[in-house]
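The values are calculated or read from the model by the stated rules, or taken from the named source; none is laboratory data. What you see is a predicted model; the values in this text were computed from it and never measured. Positions of Cβ are backbone-derived with ideal geometry, glycine not excepted, and every protein chain shown enters the neighbour counts.
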Amino acid sequence: MFPRIGIGFGVIVAATLAAGVAHSSERYPSQAVRIIVPFGPGSLSDIMARIVADGLSTRWGQPVIVENRPGIAGSAAVAKVEPDGYTLMITSNGHTIIGLINKNLPFDPVKDFTGITRISSLPMSLIVNLDLAAKNYTELVALAKANPGKLNFTSPGLASTAYIAAALFARSAQINIVHIPYKSAPESLTALMRGDAQMYFAAVNLATEQVQGGKVRAIALATESRVPELPQVPTFREAGLDFIYDSWFGLMAPAGIKREIADQLNKDTVEVLKLPEIRARLAKQAAVIVFDAPGQFDKIIRDDTARMAEIFKSN
């Protein structure tokens, strides 16, 4: 009896060890990967996520599924998930202010995430409803100062690039304008065109389509220089306000992810961003491709979060 028990036990141990070795050497990813987007379908983060997901899926030979979970719940889900690399998040630099707009977060926006790499930056333009009695920046600011708290702006939510741009603009121009949030970028744009909202910071590609269609008016660009899509629209600096807003969209993972997996994610994402077909798709969104070395995005998240806290502390 004893020899038979000993042999059986040895077989079990050997099989267990073999399974452990096989698992530890298993190439990542060996199954589907989820990318959570804490904004609705059609948002800028959603568009970026779907472009990158397609590239990664092709590179890995595994499904990469984009899941929209708008709001704090989406970010919280990623912060608390097993850090095995199979649940990721693509979001905007609105991530850097969520701790400022919600003091009871169930997670830490910096400590609970590992930055993989930025993906892109999108130039933003301030567009207004055609019925607004302001044809340029000077007239807009004069109107706002004459009617404090009566003009409004829209955005897809408090953690969106559109909200941050508008809030920083209002602070720089020293005007009091009211925020009207919607669930998505398309809803915000519809509200603007319908007249339910008066101002909106839109990505240049979106602004271009509506400006050329005669549906909205472009006031100024929050960029260093003019853009070819809207050559007639001045920058804020040209219009008289020293204001530039640099947005970013980036890929994040839960804190605690193995360094080798994070490094692979960085390498694979950067290689995907260099592909001609991915570059072409991002160019159609007027997106400027940006990417980081391993560990660099973590520093950007920390620094931007601290900077936003300093800027918004008096708001």
Check your understanding: If you go through segment 60-75 one residue at a time, do you hit one that is within 12 Å of the chain's Cα centre (by Cα), outside any loop (DSSP other than H, G, I, E, B), of a type in the set (S, T, N, Q) and on the phi < 0 side of the Ramachandran plot?
Key -> yes
Practice item. Evaluate the following for Ala203: is it modelled with pLDDT of 95 or more, crowded, with 17+ Cβ neighbours inside 10 Å and touching a Leu at 6+ places or on another chain (Cβ under 7 Å)? Key: no
Review point. Looking at Glu139, is it among the charged types (D, E, K, R) and in the same structural domain as Asn176 (by TED's automatic domain parsing)?
Key: yes
Review point. Mind checking which residues of segment 257-315 are modelled with pLDDT under 95 and of a type in the set (Gly, Ala, Ser)?
Key: Ala283, Ala286, Ala287, Ala293, Gly295, Ala306, Ala309, Ser314
Revision key, fill the gap. Note on Ile51: of the conditions (1) out of contact with any helix residue (DSSP H, G or I) (no Cβ under 6 Å at 6 or more places or on another chain); (2) within 22 Å of Ala162 (Cα to Cα), unmet is (1)
Check your understanding: Is there a residue in segment 140-163 that is at pLDDT 95 or above, loosely packed, with under 14 Cβ neighbours inside 10 Å, under 25 Å from Glu209 (Cβ atoms) and more than 29 Å from the chain's Cα centre (by Cα)?
Key -> no
Study note, to complete from the structure: Over segment 40-88, the set of residues more than 21 Å from Ser121 (Cα to Cα) and of a type in the set (Asp, Glu) is Glu67, Glu82, Asp84
Practice item. For segment 116-131, indicate whether the set of residues that are free of Cβ contacts under 8 Å to residues at least 60 places away in the same chain and surrounded by fewer than 19 Cβ atoms within 10 Å (Cβ to Cβ) is non-empty. Key: no
Practice item. Looking for whichever is at positive phi and under 21 Å from the mean Cα position of the chain (by Cα) here; the options are Ala253, Ala286, Ala262. Which one fits? Key: Ala286
Practice item. Among the numbered conditions (1) more than 33 Å from the chain's Cα centre (by Cα); (2) hydrophobic (A, V, I, L, M, F, W, C); (3) modelled with pLDDT of 50 or more, tell me where Ile7 comes up short. Key: (3)
Check your understanding: Could you say whether any residue in segment 195-208 is under 18 Å from the mean Cα position of the chain (by Cα) and part of a loop (DSSP other than H, G, I, E, B)?
Key -> no
Review point. When you scan segment 152-177, how many residues do you find that are over 20 Å from Glu224 (Cα atoms) and in contact with a Leu (Cβ under 7 Å, 6 or more places away or on another chain)?
Key: 2
Practice item. Considering each of Asp304, Asp298, Asp292 in turn, give the residue that is within 18 Å of the chain's Cα centre (by Cα), more than 24 Å from Pro123 (Cβ to Cβ) and not basic (Lys, Arg). Key: Asp298
Practice item. Those residues that are out of contact with any Pro (no Cβ under 9 Å at 6 or more places or on another chain), assigned to a loop (DSSP other than H, G, I, E, B) and without any contact (Cβ under 8 Å) to a residue 60 or more places away in the chain, I need them from segment 226-272; list them, please. Key: Pro228, Pro231, Gln232, Ile244
Check your understanding: Which number in (1) touching a Ser or Thr at 6+ places or on another chain (Cβ under 9 Å); (2) modelled with pLDDT of 95 or more marks the one condition that Leu126 misses?
Key -> (1)
Practice item. Return the only residue of Ala170, Ala166, Ala159, Ala142 being of a type in the set (A, V, I, L, M) and in a loop (DSSP other than H, G, I, E, B). Key: Ala159
Revision key, fill the gap. Conditions (1) crowded, with 17+ Cβ neighbours inside 10 Å; (2) free of Cβ contacts under 8 Å to residues at least 60 places away in the same chain; (3) farther than 30 Å from Ala293 by Cβ -> Val178 fails only (1)
Revision key, fill the gap. The one condition Lys111 fails out of (1) surrounded by 23 or more Cβ atoms within 10 Å (Cβ to Cβ); (2) under 25 Å from Gln296 (Cα atoms) is (1)
